[in-house]
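Below: the structure, in structure tokens.
Since every read-out is calculated from the coordinates, none of them should be taken as a lab result. This is a predicted model, so every value here is computed, not measured. Note that each Cβ is placed from the backbone with ideal geometry, even for glycine, and that neighbours are counted across all protein chains shown.
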Amino acid sequence: MDLQTTQPGVVPGYPAPPRIKPLVLFLAWFILSILIEQYAPKPYQDLLNSLVVDAWALYLCLWIRRLDPDCKSAFWCDVYLVVEIAFASLTIRQHPSQGVQSLIVVLGIASGVLGIATIYLIRYDLQKHYNEREPIGLHLGPVKTLFFSFLYFQSKLFEIAQFKQRQALGISEDPSRTLFQ
């Protein structure tokens, strides 16, 4: 879909996506992971690493909620965060009882399932918005979504943010160029 035909579909009332390059997001995660590994006490490292990744998921879901107050991803992201933090917090305990070990396993499985569900709900909400409300032809592949989730989402959102910025500045687009292939 070329930009010339998509420009009328972009609705100016919606907030632009986060303008953070995916590489910057990756480097921030990488650097914070190294800092956590170096300076955080060993029992707290899993919890802190979870919080680093979860912070971006929460931010993205809050932004999506601004696009669509009825979105599903924001609620399920909140549920995922509660379960993930409970799971990571329980793993801190030294020599947990058999009951706590069982709870850790259940929360770990629930966290994994909710994490994947949240990623696909975010994918659904993004595609719904950028194909219905602001029809620019966003397609997010299911395999890339599973393996690269937030970096993949952010690469597409960064393209959209740049496009919207150019549009706001009145910079005309080359009609032969496509936003999404």
Problem - Dipole magnitude of segment 1-148, debye to nearest 20 (Cβ charges: Lys/Arg +1, Asp/Glu -1, about Cα centre) - result: 120
Handout entry: Structure-based [θ]222 nm, the chain - -39500 (n - 2.57) summed over DSSP H runs of at least 4, per residue, nearest 500
Key = -23000 deg cm²/dmol
Handout entry: Structure-derived Rg and Dmax of the Cα atoms in Å: which label, when the choices are (1) 17.2, 54; (2) 19.1, 65; (3) 15.3, 50
Key = (2)
Exercise for the section: Give the calculated FRET efficiency between Val79 and Arg166 to the nearest 0.05, with a Förster radius of 41 Å applied to their Cβ-Cβ distance. Expected result: 0.65
Practice task
Pick out, from Cys77, Val52, Gly13, the residue whose Cα sits farthest towards the positive end of the charge dipole of the chain, with +1 on the Cβ of Lys and Arg and -1 on the Cβ of Asp and Glu.
Solution key: Val52
Exercise for the section: Select from the chain the helices, each a whole stretch of DSSP H, whose alpha-carbon atoms run 30 Å or more along the helix axis and whose Kyte-Doolittle mean is at least -0.5; answer none if there are none. Expected result: 45-67, 98-128, 142-168
Fill in the blank from the handout: Distance in nm between Ile116 and Leu23 label points, each 7 Å along Cα→Cβ, equals 3.2
Fill in the blank from the handout: Per DSSP, the loop-located trypsin sites (Lys or Arg not before Pro) within segment 78-169 having at most 15 other beta carbons within 10 Å are Arg93
Problem - Estimated FRET transfer efficiency when R0 is 45 angstrom, pair Phe30-Val105 (beta carbons, to 0.05) - result: 0.95
Completion exercise
With a Förster distance of 30 angstrom and the Cβ-Cβ distance between Ala40 and Gln98, calculated FRET efficiency to the nearest 0.05 equals 0.60
Handout entry: Count of Lys pairs (Cα-Cα under 26 Å; at least 8 positions apart or interchain) in the chain
Key = 15
Fill in the blank from the handout: By the Cα gyration tensor axes a ≥ b ≥ c (a/c under 1.5 gives rounded; else a/b larger than b/c gives prolate, otherwise oblate), the shape of segment 20-118 is oblate
